[in-house]
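All remarks here apply to the structure that follows.
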Amino acid sequence: MIPELPATMSAEILLKENAELRMRVACLEERCRELEEKVGKNSQNSSKPPSSDGYQKPCKNSNSPDHSDDLSADKGTDPSDEKPNPKSLRQSSGNKAGGKKGHQGTCLKQVDIPDYIEYLPVKECNKCQASLLDSEPVKYIERQVFEPGRPGEFEVTAHRAEVKICTCGCRNQAEFPEGVTAAAQYGSATQAMAVYLNQYHFLPFKRVSEYFNTLYKMSVSAGTVANFVARTYENLASTEEVIRDALRESSVAGADETGMRAEGSLHWLHVMRDEQWTLYYLSEKRGREAMDTMGILLTFAGVLVHDHWKSYFAYAATHVLCNAHHLRELLGVVDRDSNQLALRLMKLLRLSWHYCKGFKTIGMLQMPSVVCERIEKIYGAFTGWLIISEPPV
């Protein structure tokens, strides 16, 4: 039987416990405020870098559409939970956006003295096929092409096409080289360099424009760079189909999808690749709807390597899970529980990969059967320990 404490002593104990609980509650409330403040910070309302925002970057507007579907939920985040932008610190000027009335536009103009001149002759009449080699041209039509030259300079090539009148009365003009269509234009090297800097090195349009102005004194505007990229995209449509057809017939291909920002909202960049080809596809969806539209997996019958995302299992392929993801999951188990079995499995996966890479380097199509059997035996022992209990020391 527990003896009853005196009333005065019981009250003192309760008061002491109450004071301790009050102190603990105050500490917890302060901790909650700190965590809430930390979670609420982003690159637009604090000194945090933009790279720390991740998929939870503030959306373009608070009514951004939900990009998820039945099989396309975000990896750990929900686009519908994105927070709206904080209020802008910039004061409105009251002026309308865009160019103002009376604004003087600019365009590429011909130079008086080009660096190179290429004459394009008229050899015969287009109508009667009479020779015009001895006829004098009545005029020249000139088109100039601008290209980067030495650092600090650009080069201009003038293409001058002859115009001749035949005795039959037909007016004949020499043909310009393919792609030379304007009186003054940027050449193929300029366009290729601009697209390369933007698409491969991820330089924004404006910075690509600054690059040409700084290095070659060329006034290539950001809008012109955007037009180069759009034109290249259209020209590569047939190439994209070749890559898509090759990936459909590939024996082993890898698939993945990763979130990225596009026009202020969350999109998904899908990728399919094998040892030779890579195809990218950007979509607002992550799941089957985007994968079907990409146009490969519906007819793909080879080995598909992926990260266990459930949408992939809807396709009739031989599914192989990515060992890099296995290693991450095992590392999480090791970090949480110091699990020695998970650590041994990580070592086995790495060792198997090094063996596979080594035999492939010396020209072997597959590992020797004795090595494969040894790896399978060790893996079987590990899985047996998993079922029974803990592995023996």
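What about residue 224, is it assigned to a strand (DSSP E or B) and hydroxyl-bearing (Ser, Thr, Tyr)? Answer is no for this residue. For the range 257-283, the set of residues classified as touching a residue at least 24 places away in the same chain (Cβ under 8 Å), in contact with a Leu (Cβ under 8 Å, 6 or more places away or on another chain) and more than 27 Å from residue 357 (Cα to Cα) consists of 259, 267, 268, listed by residue number. In the range 266-278, the count of residues that are over 25 Å from residue 239 (Cα atoms) and either surrounded by 14 or more Cβ atoms within 10 Å (Cβ to Cβ) or modelled with pLDDT under 95 (or both) is one or more.
Taking first residues from the range 161-178 that are under 13 Å from residue 133 (Cα atoms) and partners that are open to solvent by 10 Å² or more (accessible area, probe 1.4 Å) and polar (S, T, N, Q), the Cβ contacts under 6 Å between residues at least 6 apart in sequence or on separate chains come to 163/173; 164/135; 172/126.
Regarding residue 203, is this residue surrounded by fewer than 20 Cβ atoms within 10 Å (Cβ to Cβ), assigned to a helix (DSSP H, G or I) and either modelled with pLDDT of 95 or more or in contact with a helix residue (DSSP H, G or I) (Cβ under 9 Å, 6 or more places away or on another chain) (or both)? Spelling it out, it is not the case that residue 203 is surrounded by fewer than 20 Cβ atoms within 10 Å (Cβ to Cβ), assigned to a helix (DSSP H, G or I) and either modelled with pLDDT of 95 or more or in contact with a helix residue (DSSP H, G or I) (Cβ under 9 Å, 6 or more places away or on another chain) (or both). Of the residues in the range 165-183, at least one is touching a strand residue (DSSP E or B) at 6+ places or on another chain (Cβ under 8 Å) and of a type in the set (D, E, K, R). Every test in (1) surrounded by fewer than 19 Cβ atoms within 10 Å (Cβ to Cβ); (2) free of Cβ contacts under 8 Å to residues at least 60 places away in the same chain is passed by residue 153 save one, and that test is (2). Can you confirm whether residue 263 is surrounded by fewer than 17 Cβ atoms within 10 Å (Cβ to Cβ), at pLDDT below 95 and acidic (Asp, Glu)? When the stated conditions are applied, residue 263 passes them.
Picking from residues in the range 222-242 that are open to solvent by 50 Å² or more (accessible area, probe 1.4 Å) and touching a residue at least 24 places away in the same chain (Cβ under 8 Å), the one that is farthest from residue 111 (Cα to Cα) is 240. Restricting the search to helices (runs of 4 or more DSSP H) fully inside the range 286-375 and requiring at least 1 residues that are polar (S, T, N, Q) and in contact with a helix residue (DSSP H, G or I) (Cβ under 8 Å, 6 or more places away or on another chain) gives 323-337, 340-361.
The values are calculated or read from the model by the stated rules, or taken from the named source; none is laboratory data. These numbers were taken from a predicted model, which means no experiment stands behind them. Please note: Cβ atoms are built from the backbone with ideal geometry, for glycine as well, and neighbour counts cover all protein chains shown. Only protein heavy atoms, including side chains, enter the accessible area calculation; ligands, DNA and RNA are left aside. Shrake-Rupley method; radii C 1.70, N 1.55, O 1.52, S 1.80 Å.
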